[in-house]
Amino acid sequence: MMAKNEFGQPVGEQIPEWVPAPLPSAQTLKGRYCTLERLNPDKHAEQLYAAYSNESDGRDWTYLPVGPWENFQTYFAWTQQAAASVDPRHYAVVDNSNGRALGTLALMRHDPANGVIEVGFVVFSGALKRTRIATEAHYLLMSYVFDTLGYRRYEWKCDSRNEPSMKAAHRLGFDYEGTFRQHVVYKGRNRDTAWFSIIDGDWPRGRAAFNDWLDPSNFDNRGQQRRPLSINR
């Protein structure tokens, strides 16, 4: 039955048990295949720049407000700024098999009072894309947000023209909520922003799907998945 107030108006359900969520503070989040480490320029920047430099062009930076970088010095300077930031809070994705950082992602737009937080600044090198490490990196951050910090809503936003990002959001279990027209100006261009979210009620199903997909038995001796990640609503 729809909740109503004393005036007979429909209102949202009461959540008397809600208390503001804590701000993210983890320095490391360790998984089976990768570890998320708080971005450290002295430790990670050289490895990240080398991984990004293996790409043939700068297309991975088209839909980001920063990059591509002219040289290591300019990238290192940016990592220093990023590492000092609390919001966004940047993490390096480190391959557990060799200890090398292959990409980054961040928790941003922290809204602990309402239990809302966003994942962004996702920059995965070619060595990371379409691997179980990439999927586990997202899983680790989601699990931290929902299971450890107790947030209610986890957001993903991207340029509505960024088809790879849109597809990734769907695969990872985010629900599309609509497009904000003329939302941002970046790199001298307009951005219509597509909004996606996962809410805490979705997460138990998502957690189970991620754990099933990430299980070693889901991969053959060539590392190919036996069944795709499927997060049904």
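Structure data summary
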read-out	value
All positions within the stretch 50-82 that are farther than 30 Å from Asn190 by Cβ and crowded, with 16+ Cβ neighbours inside 10 Å	Ala51, Phe76
Pair list, Cβ < 6 Å and 6+ apart or interchain, from the stretch 96-123 residues that are part of a strand (DSSP E or B) to residues that are of a type in the set (S, T, N, Q) and buried (at least 16 other Cβ atoms within 10 Å of the Cβ)	Ala101/Gln47; Leu102/Ser125; Gly103/Ser125; Val123/Thr104
Residue match in the stretch 49-64 (condition: within 15 Å of the chain's Cα centre (by Cα) and among the hydrophobic types (A, V, I, L, M, F, W, C))	yes
Residue list for the stretch 77-134, restricted to those being among the charged types (D, E, K, R) and under 15 Å from His44 (Cβ atoms)	Arg89, Asp95, Arg100
Counted residues, the stretch 192-210 - those being surrounded by 12 or more Cβ atoms within 10 Å (Cβ to Cβ) and either farther than 24 Å from Asn114 by Cβ or among the small types (Gly, Ala, Ser) (or both)	6
Residues located in the stretch 96-121, provided they are surrounded by 20 or more Cβ atoms within 10 Å (Cβ to Cβ) and among the aliphatic types (A, V, I, L, M)	Ala101, Leu102, Leu105, Ala106, Leu107, Ile117, Val119
Test: residue in the stretch 3-14 that is assigned to a strand (DSSP E or B), in contact with a strand residue (DSSP E or B) (Cβ under 7 Å, 6 or more places away or on another chain) and not acidic (Asp, Glu)	yes
Neighbours by Cβ (under 9 Å, 6+ apart or cross-chain): first from the stretch 186-211, more than 17 Å from Trp156 (Cα to Cα); second assigned to a strand (DSSP E or B) and modelled with pLDDT of 95 or more	Tyr186/Asp159; Arg189/Asp159; Asn190/Arg181; Asn190/Gln182; Asn190/His183; Asn190/Val184
Residue within the stretch 130-153 that is among the acidic types (Asp, Glu) and either over 20 Å from Ile199 (Cα atoms) or within 10 Å of the chain's Cα centre (by Cα) (or both) present	no
Evaluation of Leu105 against (1) touching a Phe, Trp or Tyr at 6+ places or on another chain (Cβ under 8 Å); (2) modelled with pLDDT under 95; (3) not basic (Lys, Arg) (one fails), failing number	(2)
Evaluation of Gly150 against (1) in contact with a helix residue (DSSP H, G or I) (Cβ under 9 Å, 6 or more places away or on another chain); (2) assigned to a loop (DSSP other than H, G, I, E, B) (one fails), failing number	(1)
Asp57 under 19 Å from His138 (Cα atoms) and in a loop (DSSP other than H, G, I, E, B)	no
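For every residue, the table says whether it meets (1) in contact (Cβ under 8 Å) with a residue 12 or more places away in the chain; (2) aliphatic (A, V, I, L, M).
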{"position": "Met2", "(1), (2)": "no, yes"}
{"position": "Gln9", "(1), (2)": "no, no"}
{"position": "Gly12", "(1), (2)": "no, no"}
{"position": "Ile15", "(1), (2)": "no, yes"}
{"position": "Val19", "(1), (2)": "no, yes"}
{"position": "Thr28", "(1), (2)": "no, no"}
{"position": "Gly31", "(1), (2)": "yes, no"}
{"position": "Thr35", "(1), (2)": "yes, no"}
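The values are calculated or read from the model by the stated rules, or taken from the named source; none is laboratory data. Here the structure is a predicted model, which means the values were calculated and not measured. Cβ atoms come from the backbone with ideal geometry, glycine included; neighbour counts cover every protein chain shown.
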